[in-house]
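Colleague: One structure is given below, represented as structure tokens, and several questions about it will come after.
The values are calculated or read from the model by the stated rules, or taken from the named source; none is laboratory data. These figures come from a predicted structure and were not determined experimentally. Here Cβ is always computed from backbone atoms with ideal geometry, including for glycine, and neighbour counts include all displayed protein chains. For accessibility, only protein heavy atoms count, side chains too; no ligands or nucleic acids. Shrake-Rupley method; radii C 1.70, N 1.55, O 1.52, S 1.80 Å.
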Number of protein chains: 2
Amino acid sequence: MREAASIYCTVVACYLVILLAVLQGLATPESPFPYHIPLDPKGTLELSWNVSYAQEDIHFQLRVHGLRAGVLFGMSDRGELENADLVVLWTDGDTAYFADAWSDQKGQIHLDPQQDYQLLQAQRTPEGLTLLFKRPFGTCDPKDYLIEDDTVHLVYGILEEPFRSLEAINISGLQTGLQRVQLLKPDLPIPAVPSDTRTMEIRAPDVQVPGQETTYWCYVTELPAGFSKHHIVMYEPIVTEGNEALVHHMEVFQCAAAFESIPHFSGPCDSKMKPDRLNFCRHVLAAWALGAKAFYYPEEAGLAFGGPGSSRYLRLEVHYHNPLKLEGRRDSSGIRLHYTASLRRFDAGIMELGLVYTPVMAIPPRESAFVLTGYCTDKCTQLALPPSGVHIFASQLHTHLTGRKVVTVLARDGREREVVNRDNHYSPHFQEIRMLRKLVSVHPGDVLITSCTYNTEDRKLATVGGFGILEEMCVNYVHYYPQTQLELCKSAVDDGFLQKYFHLVNRFNSEDVCTCPQASVPQQFASVPWNSFTRDTLKALYGFAPISMHCNKSSAVRFQGEWNLQPLPEITATLEEPAPQCPPRQSQSPAGPAVVSFGRGRS
Amino acid sequence: MREAASIYCTVVACYLVILLAVLQGLATPESPFPYHIPLDPKGTLELSWNVSYAQEDIHFQLRVHGLRAGVLFGMSDRGELENADLVVLWTDGDTAYFADAWSDQKGQIHLDPQQDYQLLQAQRTPEGLTLLFKRPFGTCDPKDYLIEDDTVHLVYGILEEPFRSLEAINISGLQTGLQRVQLLKPDLPIPAVPSDTRTMEIRAPDVQVPGQETTYWCYVTELPAGFSKHHIVMYEPIVTEGNEALVHHMEVFQCAAAFESIPHFSGPCDSKMKPDRLNFCRHVLAAWALGAKAFYYPEEAGLAFGGPGSSRYLRLEVHYHNPLKLEGRRDSSGIRLHYTASLRRFDAGIMELGLVYTPVMAIPPRESAFVLTGYCTDKCTQLALPPSGVHIFASQLHTHLTGRKVVTVLARDGREREVVNRDNHYSPHFQEIRMLRKLVSVHPGDVLITSCTYNTEDRKLATVGGFGILEEMCVNYVHYYPQTQLELCKSAVDDGFLQKYFHLVNRFNSEDVCTCPQASVPQQFASVPWNSFTRDTLKALYGFAPISMHCNKSSAVRFQGEWNLQPLPEITATLEEPAPQCPPRQSQSPAGPAVVSFGRGRS
């Protein structure tokens, strides 16, 4: 049996070699694809794409180096290969086929009755095979993924041998993987940059990337002495050639001005050798993640750095994702800041929305989608924002490991008005600053509501809020201008009401939750006997109890006023999640797989 | 302006008269439509239909007596004319059109991009106009109603004048109405009836129907002296000719055997003259509602009546629905029982599932869809059902005024297995005994879960469970065989846990709920300050607290065992509501309105 398969494979391999040899040689025009990422850690599969907002479709170019018998590519809810929306290129030994398909929850592949991925070109180049195909954002086929402007989990699989039919393929036997990316980046015009713009490269020189899956590399550098106030107007990634699949994300932080000096350092962020003071380098200057291009500030604003009252020390953090545990890779990736001394009209600011880092906000264990919500109330925006308001142009969502969705909504006069930023496929492993498609203006009296959805199915105890990686956060860092004194606008449930909750849990259960004053909130949560009542009542508490507001100038200084026992904002009208507009049925697309005839291409 | 319109109308009226006069005269074959109902109280619109389960479509025949300018017909969630799925026959003065359309939430009519109602014939007869059209059960058009086997709210509207276009029509100016019906009746073979079957007509002779919208008429009659045990094998409605739109539903009840005699009576059920003993005539022998045909017992079972231990007295209840408040109508409608002395193998029984009639089960005010659930536990079925189980063949769902949905699901080994009966468009104004499409077998150890969804948006205080019309019930009367001693299998939350709930409400609110022993549960519920916390916590309580079971031989006699503080059945797998299977898009249907050419027909 095994021998027969092996002979069969050899025959097919020959067929492919002959076919592809014949098809080599011709030229393709310069790539019209602005976005580009490697899909797998070896760089065997490379994806480029462009987006047409007018047509509402995406053109994909998939390059496969050293094609064997075929390839799967697609999207799924959270990167699983089951229940995925797929395109499949496969051969039965004689003919190559391309089809829009889907995988069921057992990983079995099926043909989509509606073929929405359209093959435009299949070409053989010296580097490998190139497929060009397009797909609408939404297809109205329930088996298809709806492409939106949030995180998309791309999945792939490599077919090592022919299959007699599409239905014969099951993903369980294949080499597969996932890559996260924002496919629909906003199509904003690129703002002009002042003529006196200079650049500064923040990069760790010659890092020896450790042979382990995950490394956060920390590197400290400093601005020149006497460096005056400048505006960062743009920044872009510098990724060492060949390491495109290794460098997952990078951030540049400014250290706290309180310290005269910060020791230099270049090493893993979790190293025991890392100086403690690096923990005070948390003010984000720039952030890049895989698939992102240059980040431009709006023409009227820049991010201030340098000058008095601002630290000269910067910390670069590079996340190396090395699942193949490659040894001996060297890297000098980093971020190039473009800055100007011709200050723009407005300083840009960063404001933290969401939940205070406190254990009073907790997620019961074994929950698949538990929601916590943090508020920036009308009272705080009334006090802290200028009469003409501020304009949010970018947003970075943040949770720890159990975060699955994050959304911030703006409400005015009790009615939700617009979404500031939403990621229904949020992953804590893929946090990037995203430009908003349009500015969101926040006026005094507006309310900003940030909700995070968590999955704690693999945990046995409650997950409380806090700084630890096993604790949780719910934060949206919004980038806005003009800068104000308001740095934090976050909430948490009132602690007195939480104590009432622990009391009522005691009433309903035989086991006792210690409500004595010396027990800490995490201890109290750890002794709650979780069941549908204690869970649902905690939800009811969070949806009802008054909140304590952090309406702060910096993490320690509150605006003046009474911020405890504040009422929850009353929202009488909520926004509906937009449903795709499905046109009446029309059968324009072919109903079966397309036979692939390969064109020829050069490198 | 008014004059112009009036002239225009006259012209159109002439046009219609001429057109219709020309088209009169030809023959139609005998009606192939088994189901028939008047849509409006005057009988201007008559609907007949048949169902093809093989094709999954319905053929409708709509007769319009004295057509003016057009007619609207369709379906909506609960009988509103807004957000309705409609077919419209209209004229612009020159040409008549037929189109699949929908109304938005302002009542404005729009053309459906997908035309799923297909006009087969338009005919003029001496009585009026007859339209024949068909529609699939499900169309996959989100603007269309999905026809299922539960209650359907049919809606209609009469166009008095021409409209230049479909979009010019708004339902607000029209004479409109609704009619409830089960469109998809099960297509069961008609069981054979024994040759010695005799009939007995239970009808109130010569009732003068009061000139008010709603009358429940009560009439007492008795079985002949010495009437031995018989089986009812079938019953059918007898509706006085001309009163088809007036007689809404009818039920025959047997009185309690405890009374030697029951006084004769014929009058409104709410009359002060009504003898009190009639309140003890509640055992259902037969029930019919508008649109229903004859009810046949399964071949192996019959409903026993007569003989020792069974009351000779029967009560007929007729619901007259008289929205036009017609005076002087006389009626002798009733039910014809078909019964046999050749007893069938099994006596049929009726079992009550759902909630005990007790105020501990309550619905907060201002709720749009609050769910209460009653259980028939494994412990009770284990004790009360025979080893080979029982077979449910029919079901009558029952709530009071705020009920909107009812469903009973059968669970085995902690997993939901099948739906016994579901009505997602339940109306308390339309309760009928429905045959199930297939027998549901219930075995010892099975669990039956009955959930009712209530709308209390127009109430200011909690609605508690109870017998009163302003209190609520959640009941499914299931008809089954072989008969067992189990008459009631219902539950309610444990009262001790409800008292804990009132205590915790006290903790969270400044107002006090009296938890002193002398306060009744309705008084306690009336003093709950309703907010999201008290509502969500009540929900959490009902989803968690142990229950008190009524596992009873009759309403007063329990089976032996401990029935208090029983755990809620644990359900680990729930059934999903079936989603319509939408085929791939195909554009076979016309995209616009169809021009109507009228055929000719005779009476």
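Colleague: Residue by residue through region B:198-211, note down the ones that are under 13 Å from residue B:337 (Cα atoms), open to solvent by 40 Å² or more (accessible area, probe 1.4 Å) and not polar (S, T, N, Q).
Modeller: B:198, B:201, B:203
Colleague: What are the residues in region A:86-98 that are surrounded by 19 or more Cβ atoms within 10 Å (Cβ to Cβ) and more than 16 Å from residue A:155 (Cα to Cα), if any?
Modeller: A:90, A:91, A:96, A:97, A:98
Colleague: Continuing with this model, one more query. Which residues, counting only those in region A:81-122, are touching a strand residue (DSSP E or B) at 6+ places or on another chain (Cβ under 8 Å) and either on the phi > 0 side of the Ramachandran plot or not assigned by the TED database to the domain that holds residue A:173 (or both)?
Modeller: Listed by number, the residues that qualify are A:83, A:107.
A quick yes/no check of all residues on (1) open to solvent by 10 Å² or more (accessible area, probe 1.4 Å); (2) under 26 Å from residue A:523 (Cβ atoms):
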{"position": "A:347", "(1), (2)": "yes, no"}
{"position": "A:354", "(1), (2)": "no, yes"}
{"position": "A:383", "(1), (2)": "yes, no"}
{"position": "A:387", "(1), (2)": "yes, no"}
{"position": "A:390", "(1), (2)": "no, no"}
{"position": "A:395", "(1), (2)": "no, no"}
{"position": "A:403", "(1), (2)": "no, yes"}
{"position": "A:412", "(1), (2)": "yes, no"}
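Colleague: A further question on this structure: If you go through region B:134-146, how many residues are surrounded by fewer than 21 Cβ atoms within 10 Å (Cβ to Cβ) and either away from chain A (no Cβ under 14 Å) or within 21 Å of residue B:594 (Cβ to Cβ) (or both)?
Modeller: 6
Colleague: Are any residues in region A:133-157 farther than 21 Å from residue A:182 by Cβ and at pLDDT below 95, and if so, which ones? Show your work before the answer.
Modeller: Kept after step one, since they are farther than 21 Å from residue A:182 by Cβ, are these residues of region A:133-157: A:140-143, A:157.
If the condition is that a residue be farther than 21 Å from residue A:182 by Cβ and at pLDDT below 95, then A:140, A:141, A:142, A:143 are the ones that fit.
Colleague: Considering only region B:226-239, state which residues are open to solvent by less than 50 Å² (accessible area, probe 1.4 Å) and free of Cβ contacts under 8 Å to residues at least 24 places away in the same chain.
Modeller: None - no residue of region B:226-239 is open to solvent by less than 50 Å² (accessible area, probe 1.4 Å) and free of Cβ contacts under 8 Å to residues at least 24 places away in the same chain, so the list stays empty.
Colleague: Test residue A:488 against the criterion of being at pLDDT below 95 and closer than 30 Å to residue A:395 by Cα, and give yes or no.
Modeller: yes
Colleague: In region B:398-435, which residue that is of a type in the set (Gly, Ala, Ser) and either in a loop (DSSP other than H, G, I, E, B) or within 13 Å of the chain's Cα centre (by Cα) (or both) is nearest to residue B:572 (Cα to Cα)? Quick ask: steps written out before the conclusion?
Modeller: Applying the first criterion (of a type in the set (Gly, Ala, Ser)) to region B:398-435 yields B:403, B:411, B:414, B:427.
If we keep only those that are either in a loop (DSSP other than H, G, I, E, B) or within 13 Å of the chain's Cα centre (by Cα) (or both) too, we end up with B:403, B:414, B:427.
Numbers: B:403: 27, B:414: 6, B:427: 30 Å.
This residue is B:414.
Colleague: Among the residues of region B:104-132 satisfying the criterion of being under 22 Å from residue B:176 (Cα atoms) and within 14 Å of chain A (Cβ to nearest Cβ), which is least open to solvent (accessible area, probe 1.4 Å)?
Modeller: B:112
Colleague: Looking only at region A:395-432, which residues are out of contact with any Ser or Thr (no Cβ under 7 Å at 6 or more places or on another chain) and among the β-branched types (Val, Ile, Thr)?
Modeller: A:399, A:409, A:419
Colleague: May I ask you to list the residues in region A:476-488 that are touching an Asp or Glu at 6+ places or on another chain (Cβ under 9 Å) and either surrounded by 22 or more Cβ atoms within 10 Å (Cβ to Cβ) or free of Cβ contacts under 8 Å to residues at least 12 places away in the same chain (or both)?
Modeller: Of all residues in region A:476-488, those touching an Asp or Glu at 6+ places or on another chain (Cβ under 9 Å) come to A:476-478, A:481-483, A:487-488.
Those that are touching an Asp or Glu at 6+ places or on another chain (Cβ under 9 Å) and either surrounded by 22 or more Cβ atoms within 10 Å (Cβ to Cβ) or free of Cβ contacts under 8 Å to residues at least 12 places away in the same chain (or both): A:476, A:478, A:481, A:488.
Colleague: Could you list, in sequence order, all residues of region A:70-80 that are open to solvent by 10 Å² or more (accessible area, probe 1.4 Å) and either over 16 Å from residue A:181 (Cα atoms) or outside the structural domain of residue A:162 (by the TED database) (or both)?
Modeller: none
Colleague: Among A:555, A:527, A:520, A:532, which is the only one that is open to solvent by 20 Å² or more (accessible area, probe 1.4 Å), at pLDDT below 95 and either farther than 19 Å from residue A:465 by Cα or within 14 Å of chain B (Cβ to nearest Cβ) (or both)?
Modeller: Matching residue, one of A:555, A:527, A:520, A:532: A:532.
Colleague: In addition: How many residues, within region A:240-258, are in contact (Cβ under 8 Å) with a residue 12 or more places away in the chain and open to solvent by 50 Å² or more (accessible area, probe 1.4 Å)?
Modeller: Number satisfying all stated conditions: 3.
Colleague: Then there's this: What about residue B:214, is it touching a residue at least 24 places away in the same chain (Cβ under 8 Å), surrounded by 15 or more Cβ atoms within 10 Å (Cβ to Cβ) and of a type in the set (S, T, N, Q)?
Modeller: Considered against the rule, which asks whether it is touching a residue at least 24 places away in the same chain (Cβ under 8 Å), surrounded by 15 or more Cβ atoms within 10 Å (Cβ to Cβ) and of a type in the set (S, T, N, Q), residue B:214 comes out as no.
Colleague: Restricting to strands (runs of 3 or more DSSP E) lying wholly in region B:199-260: which have 3 or more residues that are touching a Phe, Trp or Tyr at 6+ places or on another chain (Cβ under 8 Å)?
Modeller: B:214-222, B:230-238, B:247-254
Colleague: For region B:433-475, enumerate the residues that are among the charged types (D, E, K, R), buried (at least 17 other Cβ atoms within 10 Å of the Cβ) and over 29 Å from residue B:248 (Cβ atoms).
Modeller: B:446
Colleague: Please give the strands (runs of 3 or more DSSP E) falling wholly within region A:266-330 in which 1 or more residues are aromatic (Phe, Trp, Tyr), open to solvent by less than 30 Å² (accessible area, probe 1.4 Å) and more than 19 Å from residue A:350 (Cβ to Cβ).
Modeller: In region A:266-330, A:313-321 are the strands (runs of 3 or more DSSP E) which contain 1 or more residues that are aromatic (Phe, Trp, Tyr), open to solvent by less than 30 Å² (accessible area, probe 1.4 Å) and more than 19 Å from residue A:350 (Cβ to Cβ).
Colleague: Which count do you get for residues in region B:151-206 that are among the small types (Gly, Ala, Ser) and under 30 Å from residue B:93 (Cβ atoms)?
Modeller: Total meeting the criteria: 6.
Colleague: Can you say whether residue B:459 is basic (Lys, Arg), within 30 Å of the chain's Cα centre (by Cα) and not in a helix (DSSP H, G or I), as far as the supplied structure shows?
Modeller: When the stated conditions are applied, residue B:459 passes them.
Colleague: With the checklist (1) within 14 Å of another protein chain (Cβ to nearest Cβ); (2) of a type in the set (D, E, K, R); (3) more than 28 Å from residue A:426 (Cα to Cα) in hand, flag the one item residue A:68 doesn't pass.
Modeller: (1)
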